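Colleague: What follows is a single structure, and I will ask about it in a moment.
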Amino acid sequence: MSLPRLPLLVLTTALALAGCRDREAEAAAQAAVRAEAAERQASEAEAGFDKAVAEENWALAKAQGDVLFMRWPDTEAAERVRARFDEVAEKAGAEREAARTAALWSYQSIAVTGGEQRSAAIDAREPLDTDGSGRKRVQLIFRDHPEWGRSSYLVLQAGDFDCYGGCRVNVAVDDGEPRRMAASRPETDEAIAMFVEDERALWRLLDGAKTLSIEFPVKAGGTRTAVFEVGGLDRARMPGWD
């Protein structure tokens, strides 16, 4: 007696299957639309990346790539950019590091009797405790004075150098072997300074160097080593030294 109900069941099942296929087709169509939109937006980001690369604006190119990977990581545009991104990121990092190290230097040009005094100064990467009162900055200065000539010297904020009458300091560039250089503490209380006598040789050591370290004796006992990140020096700011 249930036979008459069978065609209705078959029809219901067929309708359900058709509805399921319609929903799948609709979902697939929507996914295709989203994928097309993603590719279009990713291509626009890729164009921005390409433009920044052409202009050698590495920081902007890296930023464009980062946005592209974050928002449209699975697109063909992302794949194309990914093939070049490591080189761009490396150049952006080098550019950022160059700007950082350049900002470590300060330059002055002031009028003095007889002409103009120029100087280039940089603080040590880490402050040092030179007299037991705590860590304080150590400064390296190159100076060109119309009357006193050219000089290079360290300046302490506290303590003193044990270099009256002359001493020798260890100077090293990057990971190279240290070399001994003559130094002296002037007989004055106006500033806590110690001159590195061969300022020309010290200046030449900075050419192409990333770091310069100077180990010097202090009155508190022993030695201290100041490390300077010198890679950002603008040598053109001190004409006549090269």
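The values are calculated or read from the model by the stated rules, or taken from the named source; none is laboratory data. A quick note: this is a predicted structure, and the numbers were derived from the prediction, not measured. Note that we place each Cβ from the backbone using ideal geometry, even for glycine, and neighbour counts take in every protein chain shown. Note: accessible area is taken over every heavy atom of the protein model, side chains too, but ligands, DNA and RNA are not part of it. Shrake-Rupley method; radii C 1.70, N 1.55, O 1.52, S 1.80 Å.
Colleague: How many residues does the range 119-131 contain that are in a loop (DSSP other than H, G, I, E, B), open to solvent by less than 70 Å² (accessible area, probe 1.4 Å) and not β-branched (Val, Ile, Thr)?
Modeller: Adding up the residues that qualify gives 4.
Colleague: Working only within the range 85-140, note down all residues that are of a type in the set (A, V, I, L, M, F, W, C) and over 20 Å from the mean Cα position of the chain (by Cα).
Modeller: ILE110, ALA111, VAL112, ALA120, LEU128, VAL138, LEU140
Colleague: In the list GLU39, GLU44, GLU95, GLU116, which residue meets the criterion of being open to solvent by 90 Å² or more (accessible area, probe 1.4 Å), without any contact (Cβ under 8 Å) to a residue 60 or more places away in the chain and either assigned to a strand (DSSP E or B) or out of contact with any Lys or Arg (no Cβ under 9 Å at 6 or more places or on another chain) (or both)?
Modeller: GLU44
Colleague: At pLDDT 95 or above and more than 30 Å from the chain's Cα centre (by Cα), is that true of ARG143?
Modeller: Details: at pLDDT 95 or above: yes; more than 30 Å from the chain's Cα centre (by Cα): no.
Against the criterion (at pLDDT 95 or above and more than 30 Å from the chain's Cα centre (by Cα)), ARG143 does not qualify.
Colleague: Further question: In the range 101-112, is there at least one residue being part of a helix (DSSP H, G or I) and among the hydrophobic types (A, V, I, L, M, F, W, C)?
Modeller: Yes, the range 101-112 contains a residue that is part of a helix (DSSP H, G or I) and among the hydrophobic types (A, V, I, L, M, F, W, C).
Colleague: Just one of (1) surrounded by 14 or more Cβ atoms within 10 Å (Cβ to Cβ); (2) touching a Gly at 6+ places or on another chain (Cβ under 8 Å); (3) touching a residue at least 60 places away in the same chain (Cβ under 8 Å) trips up PHE85, so point out which.
Modeller: Going through (1) surrounded by 14 or more Cβ atoms within 10 Å (Cβ to Cβ); (2) touching a Gly at 6+ places or on another chain (Cβ under 8 Å); (3) touching a residue at least 60 places away in the same chain (Cβ under 8 Å) one by one, PHE85 breaks only (3).
Colleague: Scan (1) over 15 Å from SER152 (Cα atoms); (2) open to solvent by 70 Å² or more (accessible area, probe 1.4 Å); (3) of a type in the set (D, E, K, R) for the single condition ARG204 breaks and write down its number.
Modeller: (1)
Colleague: Quick one: which strands (runs of 3 or more DSSP E) lie wholly within the range 168-240 and hold at least 2 residues that are of a type outside the set (Asp, Glu) and within 16 Å of TRP105 (Cα to Cα)?
Modeller: Answer list for the range 168-240: 211-217, 223-229.
Colleague: Within the bounds of the range 192-210, is there any residue that is touching a Gly at 6+ places or on another chain (Cβ under 6 Å) and not small (Gly, Ala, Ser)?
Modeller: Yes.
Colleague: May I pose another question? State the number of residues belonging to the range 142-162 that are more than 15 Å from THR225 (Cβ to Cβ) and touching a residue at least 24 places away in the same chain (Cβ under 8 Å). Lay out the reasoning, then the answer.
Modeller: Step one: list which residues in the range 142-162 are more than 15 Å from THR225 (Cβ to Cβ), which gives 142-153, 155, 157-158, 160.
Those still in the list that are touching a residue at least 24 places away in the same chain (Cβ under 8 Å) too: 142-147, 150-153, 155, 157-158, 160.
Of the residues in that region, 14 qualify.
Colleague: Would you check which residues across the range 42-62 are over 9 Å from VAL88 (Cα atoms) and either touching a helix residue (DSSP H, G or I) at 6+ places or on another chain (Cβ under 7 Å) or of a type in the set (Gly, Ala, Ser) (or both) and list them?
Modeller: ALA42, SER43, ALA45, GLU46, ALA47, GLY48, PHE49, ALA52, ALA54, LEU60
Colleague: Of everything in the range 210-242, what is open to solvent by less than 10 Å² (accessible area, probe 1.4 Å) and either closer than 17 Å to PHE142 by Cβ or at pLDDT below 95 (or both)? Give them in sequence order. Working first, answer last.
Modeller: Step one: filter the range 210-242 for residues open to solvent by less than 10 Å² (accessible area, probe 1.4 Å), giving 212, 214, 216, 218, 226, 228, 230, 238, 241.
Matches in the range 210-242: LEU212, ILE214, PHE216, ALA226, PHE228, VAL230, MET238, TRP241.
Colleague: Looking only at the range 153-165, which residues are outside any strand (DSSP E or B) and open to solvent by less than 40 Å² (accessible area, probe 1.4 Å)?
Modeller: ALA158, GLY159, ASP160, CYS163, listed by residue number.
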